[in-house]
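Below is one structure, written out as C-alpha coordinates, with a few remarks after it.
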Amino acid sequence: EGELIHRDSHGFEARVTPANLMVIYAGAVIGHEERMDAAGPETHMLQIFVRPHTAELDSQVSFADPGPLAPGDWRFLAGPKGPLTLRNRVWILDRDVQMAETLALPAAPEPGLAVWLYVFSGEIDAEGQTFSEGDGFAVPPGGDLPLLTARKPGRLVHFWVDLDAPAVKTGTLSG
(Lines give C-alpha, C1' and ligand atoms only; values in the text may rest on other atoms or scores of the structure.)
Protein backbone atom coordinates (compact mmCIF):
# COMPACT_ATOMS: atom_id res chain seq x y z
CA GLU A 1 0.00 0.00 0.00
CA GLY A 2 1.30 3.45 -0.82
CA GLU A 3 4.68 4.14 -2.35
CA LEU A 4 8.34 4.54 -1.55
CA ILE A 5 11.00 6.44 -3.50
CA HIS A 6 14.18 4.43 -4.18
CA ARG A 7 17.50 6.05 -5.15
CA ASP A 8 20.80 4.15 -5.49
CA SER A 9 24.52 4.60 -6.12
CA HIS A 10 24.04 3.53 -9.76
CA GLY A 11 22.13 6.81 -10.27
CA PHE A 12 18.76 5.11 -10.60
CA GLU A 13 15.58 6.49 -9.00
CA ALA A 14 12.12 4.93 -9.10
CA ARG A 15 8.92 4.61 -7.10
CA VAL A 16 8.19 1.30 -5.38
CA THR A 17 4.43 0.69 -5.46
CA PRO A 18 2.09 -2.33 -5.31
CA ALA A 19 2.35 -2.41 -9.12
CA ASN A 20 6.12 -1.87 -9.20
CA LEU A 21 7.84 -4.20 -6.72
CA MET A 22 11.62 -4.06 -6.22
CA VAL A 23 14.47 -6.48 -5.54
CA ILE A 24 17.96 -5.15 -4.80
CA TYR A 25 20.82 -7.55 -5.46
CA ALA A 26 23.40 -6.07 -3.10
CA GLY A 27 26.24 -8.15 -4.53
CA ALA A 28 29.66 -6.59 -4.20
CA VAL A 29 28.61 -3.00 -3.41
CA ILE A 30 25.53 -0.84 -3.77
CA GLY A 31 24.36 2.13 -1.79
CA HIS A 32 20.70 3.09 -1.70
CA GLU A 33 18.16 5.15 0.15
CA GLU A 34 14.44 4.82 0.50
CA ARG A 35 12.06 7.55 1.48
CA MET A 36 8.39 8.30 1.49
CA ASP A 37 6.95 11.32 -0.26
CA ALA A 38 5.58 13.51 2.54
CA ALA A 39 2.65 14.50 0.32
CA GLY A 40 2.00 10.91 -0.79
CA PRO A 41 -0.39 8.31 0.60
CA GLU A 42 0.18 6.39 3.83
CA THR A 43 2.64 3.58 3.11
CA HIS A 44 2.75 -0.01 4.39
CA MET A 45 5.46 -2.24 2.93
CA LEU A 46 7.38 -5.36 3.83
CA GLN A 47 11.17 -5.39 3.46
CA ILE A 48 12.75 -8.85 3.29
CA PHE A 49 16.44 -9.81 3.27
CA VAL A 50 17.39 -13.02 1.46
CA ARG A 51 21.04 -13.98 1.60
CA PRO A 52 22.43 -14.98 -1.82
CA HIS A 53 23.83 -18.41 -2.63
CA THR A 54 27.20 -16.95 -3.76
CA ALA A 55 29.35 -14.03 -2.56
CA GLU A 56 30.48 -11.03 -4.63
CA LEU A 57 27.79 -11.22 -7.30
CA ASP A 58 27.09 -8.11 -9.38
CA SER A 59 24.81 -5.60 -7.72
CA GLN A 60 21.67 -4.44 -9.49
CA VAL A 61 18.10 -3.33 -8.91
CA SER A 62 15.10 -5.00 -10.55
CA PHE A 63 11.48 -3.89 -10.70
CA ALA A 64 8.43 -5.82 -11.85
CA ASP A 65 4.66 -5.59 -11.83
CA PRO A 66 3.38 -8.76 -10.13
CA GLY A 67 0.05 -8.45 -11.94
CA PRO A 68 -3.39 -8.32 -10.40
CA LEU A 69 -4.23 -10.11 -7.18
CA ALA A 70 -7.23 -12.27 -8.13
CA PRO A 71 -9.75 -12.98 -5.35
CA GLY A 72 -9.13 -16.39 -3.80
CA ASP A 73 -5.77 -16.97 -5.51
CA TRP A 74 -2.17 -16.92 -4.32
CA ARG A 75 -0.07 -14.56 -6.48
CA PHE A 76 3.59 -15.33 -7.23
CA LEU A 77 5.83 -12.36 -6.35
CA ALA A 78 9.44 -13.58 -6.45
CA GLY A 79 11.53 -16.72 -6.48
CA PRO A 80 14.57 -18.47 -7.97
CA LYS A 81 13.07 -17.80 -11.44
CA GLY A 82 10.67 -15.11 -12.51
CA PRO A 83 10.37 -11.40 -13.14
CA LEU A 84 11.67 -10.74 -9.62
CA THR A 85 14.41 -13.33 -9.25
CA LEU A 86 15.86 -14.10 -5.84
CA ARG A 87 19.44 -15.37 -5.63
CA ASN A 88 18.52 -18.28 -3.44
CA ARG A 89 15.89 -20.98 -3.03
CA VAL A 90 13.10 -18.80 -1.62
CA TRP A 91 9.67 -18.31 -3.19
CA ILE A 92 7.29 -15.51 -2.15
CA LEU A 93 3.53 -15.32 -2.76
CA ASP A 94 0.71 -13.18 -1.42
CA ARG A 95 -3.07 -13.44 -1.11
CA ASP A 96 -5.94 -11.34 0.14
CA VAL A 97 -8.37 -12.94 2.59
CA GLN A 98 -11.98 -12.02 3.36
CA MET A 99 -13.77 -12.13 6.71
CA ALA A 100 -14.60 -15.73 7.79
CA GLU A 101 -12.92 -17.19 4.68
CA THR A 102 -11.29 -20.60 5.21
CA LEU A 103 -8.26 -21.41 3.09
CA ALA A 104 -5.37 -23.80 2.76
CA LEU A 105 -1.73 -22.89 2.29
CA PRO A 106 -0.55 -23.62 -1.25
CA ALA A 107 1.32 -26.82 -2.08
CA ALA A 108 5.09 -26.37 -2.36
CA PRO A 109 6.70 -26.36 -5.81
CA GLU A 110 8.96 -29.20 -4.67
CA PRO A 111 9.43 -31.38 -1.59
CA GLY A 112 11.62 -30.44 1.38
CA LEU A 113 10.70 -26.76 1.71
CA ALA A 114 9.84 -24.99 4.95
CA VAL A 115 6.90 -22.57 5.07
CA TRP A 116 6.82 -19.13 6.67
CA LEU A 117 3.49 -17.29 6.70
CA TYR A 118 3.41 -13.58 7.55
CA VAL A 119 0.22 -11.64 8.30
CA PHE A 120 0.75 -8.35 6.46
CA SER A 121 -2.70 -7.11 7.48
CA GLY A 122 -5.85 -8.55 9.01
CA GLU A 123 -6.10 -11.47 11.39
CA ILE A 124 -6.24 -15.24 10.91
CA ASP A 125 -6.77 -18.38 12.96
CA ALA A 126 -4.49 -21.36 12.33
CA GLU A 127 -5.47 -24.50 14.23
CA GLY A 128 -6.94 -22.46 17.11
CA GLN A 129 -4.09 -19.95 17.37
CA THR A 130 -4.69 -16.33 16.33
CA PHE A 131 -2.18 -14.34 14.27
CA SER A 132 -2.59 -10.59 13.74
CA GLU A 133 -0.88 -7.98 11.58
CA GLY A 134 2.90 -8.38 11.91
CA ASP A 135 2.69 -11.96 13.24
CA GLY A 136 3.92 -15.05 11.47
CA PHE A 137 4.53 -18.73 11.90
CA ALA A 138 6.73 -21.44 10.43
CA VAL A 139 6.04 -25.00 9.32
CA PRO A 140 9.11 -27.25 8.98
CA PRO A 141 9.70 -29.27 5.82
CA GLY A 142 7.21 -32.14 5.72
CA GLY A 143 5.13 -30.60 8.54
CA ASP A 144 1.34 -30.51 8.46
CA LEU A 145 0.04 -27.30 6.90
CA PRO A 146 -2.71 -25.79 9.03
CA LEU A 147 -6.09 -24.75 7.67
CA LEU A 148 -6.53 -20.97 8.02
CA THR A 149 -9.65 -18.94 8.81
CA ALA A 150 -9.71 -15.18 8.38
CA ARG A 151 -10.99 -13.35 11.46
CA LYS A 152 -10.46 -9.96 9.79
CA PRO A 153 -9.94 -9.21 6.09
CA GLY A 154 -6.34 -8.62 5.10
CA ARG A 155 -3.30 -9.82 3.16
CA LEU A 156 -1.01 -12.78 3.81
CA VAL A 157 2.56 -13.19 2.55
CA HIS A 158 3.70 -16.80 2.09
CA PHE A 159 7.31 -18.01 1.80
CA TRP A 160 8.75 -21.36 0.82
CA VAL A 161 12.37 -21.67 1.96
CA ASP A 162 14.97 -24.37 1.29
CA LEU A 163 16.68 -24.45 4.69
CA ASP A 164 19.52 -26.55 3.26
CA ALA A 165 20.36 -24.20 0.37
CA PRO A 166 23.85 -22.65 0.48
CA ALA A 167 23.82 -19.04 1.64
CA VAL A 168 26.52 -16.43 2.11
CA LYS A 169 26.86 -15.67 5.82
CA THR A 170 29.15 -12.63 5.47
CA GLY A 171 28.24 -9.06 4.64
CA THR A 172 26.01 -6.60 6.40
CA LEU A 173 22.62 -8.00 5.43
CA SER A 174 22.61 -9.59 2.01
CA GLY A 175 26.14 -10.81 1.45
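Summary table below
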item: Those residues of the stretch 120-142 which are aliphatic (A, V, I, L, M) and touching a Pro at 6+ places or on another chain (Cβ under 9 Å), in sequence order; result: A126, V139
item: Extreme residue, least open to solvent (accessible area, probe 1.4 Å), among residues of the stretch 157-166 that are of a type outside the set (V, I, T) and assigned to a strand (DSSP E or B); result: H158
item: Residue list for the stretch 62-87, filter: aliphatic (A, V, I, L, M) and buried (at least 17 other Cβ atoms within 10 Å of the Cβ); result: L77, A78, L84, L86
item: Whichever residue in the stretch 102-127 is more than 17 Å from W91 (Cα to Cα) and among the β-branched types (V, I, T) and, among such residues, is farthest from the chain's Cα centre (by Cα); result: T102
item: Count - residues of the stretch 88-108 that are modelled with pLDDT under 95 and exposed (fewer than 12 other Cβ atoms within 10 Å of the Cβ); result: 1
item: Answer from G142, G154 - the residue that is open to solvent by less than 70 Å² (accessible area, probe 1.4 Å) and either free of Cβ contacts under 8 Å to residues at least 60 places away in the same chain or among the aromatic types (F, W, Y) (or both); result: G154
item: Single residue of the stretch 109-119 satisfying the filter (out of contact with any Pro (no Cβ under 9 Å at 6 or more places or on another chain) and free of Cβ contacts under 8 Å to residues at least 40 places away in the same chain) that is surrounded by the fewest Cβ atoms within 10 Å (Cβ to Cβ); result: E110
item: Of residues in the stretch 70-85 being in a loop (DSSP other than H, G, I, E, B) and in contact (Cβ under 8 Å) with a residue 60 or more places away in the chain, the one farthest from E3 (Cα to Cα); result: W74
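The values are calculated or read from the model by the stated rules, or taken from the named source; none is laboratory data. Since we're looking at a predicted model, the values are computed, not measured. Reconstructed Cβ throughout: ideal geometry from the backbone, glycine too, with neighbour counts over all protein chains shown. Side chains are part of the model used for accessible areas, which takes the heavy atoms of the whole protein and leaves out ligands, DNA and RNA. Shrake-Rupley method; radii C 1.70, N 1.55, O 1.52, S 1.80 Å.
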